[in-house]
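The values are calculated or read from the model by the stated rules, or taken from the named source; none is laboratory data. Treat the numbers as computed from the prediction; the structure is a model and nothing was measured. Cβ placement follows ideal geometry from the backbone for every residue including glycine, while neighbour counts extend to all protein chains displayed.
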Amino acid sequence: MEDLIETELWQGKTIADLLTLEFLASAAGSVIGAIVILLLGWIISSWLQHRVENLGKRHKHLDEMLFEFLASIVRYVVLGFTILFVLNTFGVKTTSVVAVIGAAGLAIGLALQGTLSNVAAGVMLILFRPIKIGDFVVIASEMGTVKQINLNYTVLADLSNVQVIVPNSEVWGNVITNYSVNPTRRAEWTFGVGYGANLKTAEEIIRSTIMADERAHTDPEPFIQVNNLGDSSVDFLVRVWCSAGDYFAFKADMTRKVKEALDEGGVDIPFPTRTIVQAAAE
């Protein structure tokens, strides 16, 4: 029995040492101190988290999701330092713990390299805001309307309303074409008329047809000029400004209306033909 009591357990301490009143009081004080430190760390981390989140909510030009992400990082960093401080009060060498955590973090980082690159790109997208919800864009050869931006991926709805999910690393690492940034766009057509057509009449028909539509802007001045003498047609290049939201419908409607107006005005619209000459039989 005496041998058991004198058995060394930890840092030269035996069971007999642990049973002394002085040691028990010291252990109780350390436990109470650790609990107090943990409570303080929890309260401070929660307070800092709410402060960072409220910063994003108070300023409308800042993205709330980004500040929620930053607030979570702040909280876990404070809690991590709190735990290390508690371990240090019990005599645990925190340098070795930090080394283990660092090695584990490195291993996890290598394993989740793709995910972390998406998160980093997501932070950049939310911070610099090259695109926002509702924008009509082309990203990584995908065209559609932006429906959602989070830390891992961006969600688009294409022209057929099919969901397209693009990893944020692809979004940030590629050219982004955003058709919604500017309020107006320039619609462009090429109309071909026959070489025998009256060019002045054709130009007047094209101009009056397009400019009669309320979606056509008079400022900037529309551009309607002959720009090419093709193999079978004289080509008019037409450029007219319109609101960005009207672009697709306006361009499609005017293509049909100009064709119908040219037909009514007797202006010939040529199309490719082929003449086959058959040699006479000998």
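For every residue, the table says whether it meets (1) farther than 29 Å from MET211 by Cα; (2) of a type in the set (Phe, Trp, Tyr); (3) out of contact with any helix residue (DSSP H, G or I) (no Cβ under 7 Å at 6 or more places or on another chain).
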| position | (1), (2), (3) |
| --- | --- |
| ILE133 | yes, no, yes |
| SER141 | yes, no, yes |
| VAL146 | yes, no, yes |
| TYR153 | yes, yes, no |
| ALA157 | yes, no, yes |
| VAL162 | yes, no, yes |
| VAL171 | yes, no, no |
| SER180 | no, no, no |
| GLU188 | no, no, yes |
Hits in the stretch 131-161 (condition: of a type in the set (D, E, K, R) and over 16 Å from GLY245 (Cβ atoms)): GLU142, LYS147, ASP158
Strands (runs of 3 or more DSSP E) within the stretch 127-168 that include 1 or more residues more than 15 Å from SER180 (Cα to Cα): 142-149, 153-157, 163-167
Out of curiosity, is GLY144 of a type outside the set (Val, Ile, Thr) and not assigned by TED's automatic domain parsing to the domain that holds VAL238? yes
Output for the stretch 209-242, where each listed residue is in contact with a helix residue (DSSP H, G or I) (Cβ under 8 Å, 6 or more places away or on another chain), in contact (Cβ under 8 Å) with a residue 40 or more places away in the chain and of a type in the set (Gly, Ala, Ser): none
Would it be correct to say that ARG274 is at pLDDT below 90, of a type in the set (Lys, Arg) and in a loop (DSSP other than H, G, I, E, B)? yes
Give me a count of the residues in the stretch 200-220 that are touching a Phe, Trp or Tyr at 6+ places or on another chain (Cβ under 9 Å) and either of a type in the set (Asp, Glu) or closer than 15 Å to VAL258 by Cβ (or both). 8
Among the residues of the stretch 64-97 satisfying the criterion of being modelled with pLDDT of 70 or more and among the hydroxyl-bearing types (Ser, Thr, Tyr), which is nearest to ILE149 (Cα to Cα)? SER72
Filter the stretch 198-213 down to residues that are surrounded by 13 or more Cβ atoms within 10 Å (Cβ to Cβ) and either touching a His at 6+ places or on another chain (Cβ under 9 Å) or of a type outside the set (S, T, N, Q) (or both), then give me how many there are. 10
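So, THR190, is that one β-branched (Val, Ile, Thr) and over 17 Å from ASP253 (Cα atoms) or not?
Criteria not met by THR190.
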Qualifying positions in the stretch 214-258 - in contact with a strand residue (DSSP E or B) (Cβ under 6 Å, 6 or more places away or on another chain), among the charged types (D, E, K, R) and either surrounded by fewer than 18 Cβ atoms within 10 Å (Cβ to Cβ) or within 28 Å of TYR195 (Cβ to Cβ) (or both): ASP235, ARG239, LYS251
